[in-house]
1. Just to check, using Stokes-Einstein with a Kirkwood Rh over alpha carbon pairs, what's the diffusion coefficient of region 31-170 at 20 °C and 1.002 mPa s in µm²/s?
2. All other residues with a Cβ under 15 Å from the Cβ of ASN181 taken together, and with Lys, Arg as +1 and Asp, Glu as -1, what is their net charge?
3. Relative contact order (percent) for region 56-209, with alpha-carbon contacts under 8 angstrom and 6 or more residues of separation?
4. Excluding CYS84 itself, what net charge comes from residues whose Cβ is under 11 Å from its Cβ, given Lys and Arg +1 and Asp and Glu -1?
5. Over the Cα atoms, compute the radius of gyration (one decimal) and Dmax (the largest Cα-Cα distance, rounded to a whole number) for region 113-175, in Å.
6. Subtract the Cα-Cα distance of TYR205 and LEU170 from 0.36 nm times their separation in residues, and report this length gain in nm to one decimal.
7. Around GLY115, with a cut-off of 15 angstrom between Cβ atoms, what is the net charge of the other residues, counting Lys and Arg +1 and Asp and Glu -1?
8. Ignoring solvent entirely, what values of log10 I(q)/I(0) come out of the Debye formula for region 147-203 at 0.22, 0.28, 0.29 Å⁻¹ when each Cα is a single scatterer?
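Since every read-out is calculated from the coordinates, none of them should be taken as a lab result. The structure displayed is predicted, hence computed values, not measured ones. Every residue, glycine among them, receives a Cβ derived from its backbone with ideal geometry; neighbour counts consider all protein chains shown.
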Amino acid sequence: MDLFAKVTVAIVVIILIGALLFVLLQHFSSSAVTEKQAESYVISDLKQQNPNVSISIINVSPSTLAKGSWNVIVGLVYNGTRACPTVLIEGYDYPAMTLLSNIYDLYTTGCRIYGISSAPSYVISLPQIAVARATNVSSYASSYVYFFGYDNTIAKAHYFSALNSSSTPLSENFTDVWLVNYTATNAHYSEYIVLSESGSVLGNYSASK
């Protein structure tokens, strides 16, 4: 092949590569979305997968992977009113990575609290984590849920910086605690667990509904 032919082939190849890059850039440009659109698409997809999931937007920032894409960080709570909720943080880079997720932090699932045993200064920061911890470590809580049924039991927790002796039948003053409540639809009483910030059971009592 002479020099002219080689140059001609090289030019054709360069043109084809340029055309391909142009098409790809045009395609991505047309699929680029705004920050609010990316946030909305992620929430819509999560709700479609599980209508009962509780979603909180933690942060939305421009993607480091591709221009026109957004890094959407969400906090998710599944089965938030049950005795063993799942709490995690996921990230989405949309539309660059479509709706594929990356799990950043898994706090609790199946009533297992991740990281609590290896961190003596662990602080329970969410009511759902307090519920999962109480179910896991308190025989009174787990027995209540087992006897009356998981699906029949509503569980919730409230944080108190100070819980005085007149507030519970335990007649003790507590500071920085979670009060975890289990109430079953088919039970005549509710079960309460007092939990420290680090997840230790400080007391329990029952109360009529």
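1. 125 µm²/s
2. +3
3. Relative contact order for region 56-209 comes out at 16 percent.
4. +3
5. Cα-based Rg and Dmax for region 113-175 come out at 13.6, 35 Å.
6. Going from the current span to full extension adds 11.9 nm.
7. Computed value for this residue: 0.
8. Here log10 of I(q) over I(0) equals -0.84, -1.09, -1.12.
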